[in-house]
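The structure under discussion appears below in the form of structure tokens.
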Amino acid sequence: MAELTIPAEQRRVLKKMGTISDDAVRALATTLERSPAEIPSISGLSSEDAEQIKNAAMDLYKVRAYFDMEMSEFVEAVAQKMQETESMPADQIANFKKRLTKLLTISPAATGNRTNIWAAHTHFDNSLAQHLALAQPVQDHFLELAKRWRTEIKTVSSTTDMVLNSAYQDIIGMGKLVLPLIFRELHRNGGHWFWALRHITQENPASPQDAGNIEKITEAWLRWGREHHYL
């Protein structure tokens, strides 16, 4: 995996995961299927903290399951990104990896039907799973299509022709998984990505009075992307 984009609020929760006690990790690992009120406060881990960590762990579980990655490889990739973005010291990174591995290891004998409960949540959304979906093959395919699209529309003036271009349509076909990449491309290089964003998200954050104002529409979409954690 490469270019993992983890929202700031998720990084804060994941960083906390590396500081909680072993007792708290064990308690949390055995109560992940319960509601927040049922998760006991233990070793300084409040019900709110437990719920936040549980949600982060479930998001990570979705991604690892989706890409069928080895546990060690996946945990190392997440830990590396946390070390880059949060400047976590080596000893804290070691604890983080140990605790994350514990929380992502599901034992049928110990958890009963929790595997089925978690499996029901393996769809992608705009949570941490969406941001971790930037695996190299996905990025490579998107960048190849985006490069082809830009090349083929260099002499095109019609917006309709731009968005009906086959490469552009293939990008739309990639669905929500590619939203972080579209927003990153829009932020870095601009371009008429508005139709793709509207089609995939079924949203339109741009104000009607800004119709035709590329700068204003771009600002509106980038703001929406940040608010929904795609940037």
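Checking each residue in segment 222-231 for being open to solvent by less than 60 Å² (accessible area, probe 1.4 Å) and part of a helix (DSSP H, G or I) picks out Leu222, Trp224, Gly225. Selection over segment 58-75 of residues that are acidic (Asp, Glu), surrounded by fewer than 16 Cβ atoms within 10 Å (Cβ to Cβ) and at pLDDT 70 or above gives a count of 2. Of a type outside the set (S, T, N, Q), open to solvent by less than 50 Å² (accessible area, probe 1.4 Å) and modelled with pLDDT under 80 - does that describe any residue in segment 90-100? No, there is no match, as no residue in segment 90-100 is of a type outside the set (S, T, N, Q), open to solvent by less than 50 Å² (accessible area, probe 1.4 Å) and modelled with pLDDT under 80. For segment 101-108, the criterion of a residue being of a type in the set (A, V, I, L, M, F, W, C) and modelled with pLDDT of 80 or more is satisfied by at least one position. The number of residues in segment 30-57 that are buried (at least 20 other Cβ atoms within 10 Å of the Cβ) and at pLDDT 65 or above comes to 6. Only residues that are exposed (fewer than 12 other Cβ atoms within 10 Å of the Cβ) and under 19 Å from Ile200 (Cβ atoms) were counted across segment 147-163, and they come to 1. Quick check on Glu219: is it open to solvent by 80 Å² or more (accessible area, probe 1.4 Å), modelled with pLDDT of 90 or more, assigned to a loop (DSSP other than H, G, I, E, B) and of a type in the set (D, E, K, R)? Here the answer is no, as Glu219 does not meet what is asked. Within this structure, Asn126 fails the test of being assigned to a loop (DSSP other than H, G, I, E, B), modelled with pLDDT of 90 or more and within 30 Å of Lys62 (Cα to Cα). Scanning segment 172-216 for residues that are out of contact with any helix residue (DSSP H, G or I) (no Cβ under 8 Å at 6 or more places or on another chain) and either surrounded by 14 or more Cβ atoms within 10 Å (Cβ to Cβ) or among the basic types (Lys, Arg) (or both) yields Arg184, Arg188, Arg198.
The values are calculated or read from the model by the stated rules, or taken from the named source; none is laboratory data. As the structure is a computational prediction, the values presented were derived from the model and not from experiment. Cβ coordinates were reconstructed from backbone atoms using ideal geometry, including for glycine residues, and neighbour counts include every protein chain displayed. Just so you know, the surface numbers come from the protein's heavy atoms only, side chains and all, with ligands and any DNA or RNA stripped out. Shrake-Rupley method; radii C 1.70, N 1.55, O 1.52, S 1.80 Å.
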